1. B:Glu153: accessible area at probe 1.4 Å, nearest 10 Å²?
2. Provide a whole-number value for the mean count of partner chain Cβ atoms within 10 Å of the Cβ atoms in peptide A:296-305.
3. Any idea how far apart A:Asp354 and B:Val198 come out in nm if each label point goes 7 Å out from Cα toward Cβ?
4. What whole-number value in Å² describes the accessible area per residue of region A:253-359 for a 1.4 Å probe?
5. For A:Trp400, A:Trp76, write out the residues from largest to smallest accessible area, computed with a 1.4 angstrom probe and no ligands counted.
6. Using only Cα atoms, tell me the angle between helix A:576-587 and the longest principal axis of chain A; keep it within 0 to 90° and round to the nearest 10.
7. How big is the C-alpha Rg of the protein assembly as shown next to the rule-of-thumb value 2.2 N^0.38 Å, as a ratio?
8. Roughly how crowded by other chains is peptide B:9-17, in terms of the mean Cβ count from those chains within 10 Å of each of its Cβ atoms?
Amino acid sequence: MKELMDEILLRVEKPGRYIGNEINMVTKPLEKVAVRFAFCFPDVYEVGMSHLGLQILYFFLNRREDVYCERAFAPWTDMEALMRENEMPLYSLETFTPLKEFDFVGFTLQYEMSYTNVLNMLDLANIPLLASERGEDDPIIIGGGPCTYNPEPLADFFDIFYIGEGEVSYDELLDLYKSVKSEGGSRDEFLKKALKIPGIYIPKFYDISYNEDGTIKEIAPNHPDAPKTIRKVICKNMDEVFYPEKQLVPLIETVHDRVTLEVFRGCIRGCRFCQAGYVYRPVREKQPERLLKLADKLIESSGHEEISLSSLSTGDYTHFKPLAEGLLDKFTKSNVSISLPSLRIDAFSLDLMDKVQAVRKSGLTFAPEAGTQRLRDVINKGITEKEILDGCGLAFEGGWSRVKLYFMVGLPTETEEDLQGIVDLSDAIVMKYFEIPKEERKKRPPVTVTASSSCFVPKPFTAFQWEPQSTPEEFLAKTHYVKTHMKRKQVRYIYHEPDLSSLEGVLARGDRRLGKLLLRVWELGAKFDSWNELFKYDLWLKAFEETGISAHFYANRRRSYDEVLPWDHISIGVSKRFFIEEAERARKEQVTPNCRTECQNCGAKCFGGGVCFE
Amino acid sequence: MNRYRVTFSKTDRMIYIGHLDLLKYFQRVINRADLPIEYSKGFNPHQLMKFAIPLPLGMRGEAECLDIRLTEDMSEEAVFSAFEDSLSEGIGLKSVRKLSDGEDNCASAVHYADYIAKPKDMVTGLEDVIEKTLAANSIEIERTVKKKTKVTEIRPLIHSLNEENGVIYLTLATGSQGNLKAEDMLKYLYQKAEKEFVPYRVQITRTRLYSDIGVPL
């Protein structure tokens, strides 16, 4: 293997992607290791290494002496070609061990459009793609991450899905594996015993039957130990949960080159389109004292010159002020910069950004998501036009002159008026800028408002899980409307091509029958679908045609509340009843207060922690 | 002035890291080692460090040099041990030397370097080619600089060439006063020996940097 490396690595772009050896990489004496776990991110190194979940799980698993967690990423096409040409299997970065030799190969499933990369990586590792074709010598293929809340399109390819937060059940799962392995038990024995571990979903122990119209008739366990529903597992107390004091520091530049401090999990807001906002419920915060201590340790151990805060909505952190001030105190003198996520704009946050950014006043970002107040009420996005304009006004006075706005098109109930709202809001912000005196304006770069729109994808476990997605043609017509109505030269409009979002719409709410679509499209050569330069829509169209699968059935059809959904056997704690109520309130354009203002009894209280008990 | 010259090797997996990434790497190593590095003044303060000359990606280095400036006086041993604890496999610490006042920094001081090239494929007739090369008064090669091809006289940049048991030893002008890339030299020799030069089939190591012949940095 190592001999091959020179030959191959000197012929590829960015060979630093394929060598590991980062600061804080874990090395272990292999003879003391009982279980080897390959953590795979199905995208290129620079993307995967910017992912906080990888950093957490890597050090979490490696805190055990008997477990060695190593890493693998999707090789870029140049590397893949040379690997295939030289029959070099996909290997781990720590020890250059072929993935096939591992006990577990775990994939983190962050976005649907990485699924073809999962198949490609299995193939590069010489591991049979179909779970049913794997034998005693093959690793257990396990998947985790947000896409596992509806993992059905991948059910054919995985042995296990882990539903929830890794810190909860991995120890139990690995202990079980170790004991079955030491007693010479088979993989099937292990899988059957694993059925009893919370959060573990083993798709082969469930049978799906279908109605004549193609909808699901029943999801039925076929093993006595397989639970009827698999409930996600989450950490109750974020102050007691493991968090690494070190982070891997890549040797080449990655997307996010910094250490990350996780402030809390979950979100109080309840935006009706947002899957993350629901599946990570309830909100569980860390105390600022612990965070400040961690910040010190992370900076010391990594040598990084930047630290960032991570959560779904950092401005909602109840101790935001002491945390931000504590970090500023600590780091402003020591050449460590703090990167802030987008915050609600008020006097405090502007002052903070001023301090943090020192010289460069980069753009401000708002995510109104929809163009009119009516539609923002439908999606329960608790931000008003006044708040946006006031925020922009404050920022313009404070010296900013660039604003970025994020919108979605294709939201439920959207009309032309809402599209016009995108245009009008962008214009209103420009007008707000011209309220500052001319002499002031002359001193700085001209105002620019960048409005960008993405295509709405209805996701499982949201209030919109029953909604039809706009078709690619409808999306095009909508973005065309906005594009042709944006007249002001200070406003730039960026929009996304709908093809990718439409496929995402199919996979997000797909069922097991999509396995053959994925297999076929991979055979046809699809990979790195989320990369513009490698995405080939025609391959997908061909695969739909050849497999007889209807994109319309999955993406563009309105489902009824009583239809069995492909993810009905998975529970995030938030009840279906609550989602129905939310869907109805959306229809009536009624907003729902956030978790701190008034509990709606969504069901997340069942986890016994977090904001539900504050 | 608390200036120190750090001599290090770059081998194994680290040869796949380019110069800019190595610079970033050393910044982080210095932060981790908690060395009192001095920062430049200005809007974007950066650590005061200077490499003698970038090592091309893929080339091994046995004695590369880096000068750093500290805000306080430390013993060479203390700097050495601070570094030693923070380096990764593939970067080996060779020595730390405190620079005397007024001594040139390594980037200005470097004038020559030794290289060893180990071809993986047999090349015949190299001895002959080397003899002719050294005997010539003038050698011109085509070099591409910023997408333009330029003809350059390289004979004065060659100090010595040697071949022993299939291994090529080169001492070439290196640095801002005159620089000949080992790869360009080898390409020329291969061309004269009528053999195609395939970069990844020849393992090149830079073994030493000199301020003058016989005077290492």
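1. Looks like 70 Å² after rounding.
2. So the per-residue partner count for this stretch is 3.
3. Output for this residue pair reads 6.4 nm.
4. Numbers: 4210 Å² over 107 residues.
Dividing the accessible area of region A:253-359 by its residue count gives 39 Å².
5. Details: A:Trp400 5, A:Trp76 25 Å².
Ranked from most to least accessible, the order is A:Trp76, A:Trp400.
6. Once rounded, the angle reads 30 degrees.
7. Working: Rg = 30.0 Å, N = 831, 2.2 N^0.38 = 28.3 Å.
It is 1.06.
8. Numbers: counts 0, 0, 0, 4, 12, 4, 5, 14, 6.
For peptide B:9-17, the averaged partner shielding equals 5.
The values are calculated or read from the model by the stated rules, or taken from the named source; none is laboratory data. Everything numeric in this text was worked out from a predicted model, so none of it was measured. Because the Cβ atoms are built from the backbone with ideal geometry, glycine has one as well, and the counts that use them run over all protein chains shown. When the accessible area is computed, the model is the full protein with side chains, heavy atoms only, and any ligands, DNA or RNA have been set aside. Shrake-Rupley method; radii C 1.70, N 1.55, O 1.52, S 1.80 Å.
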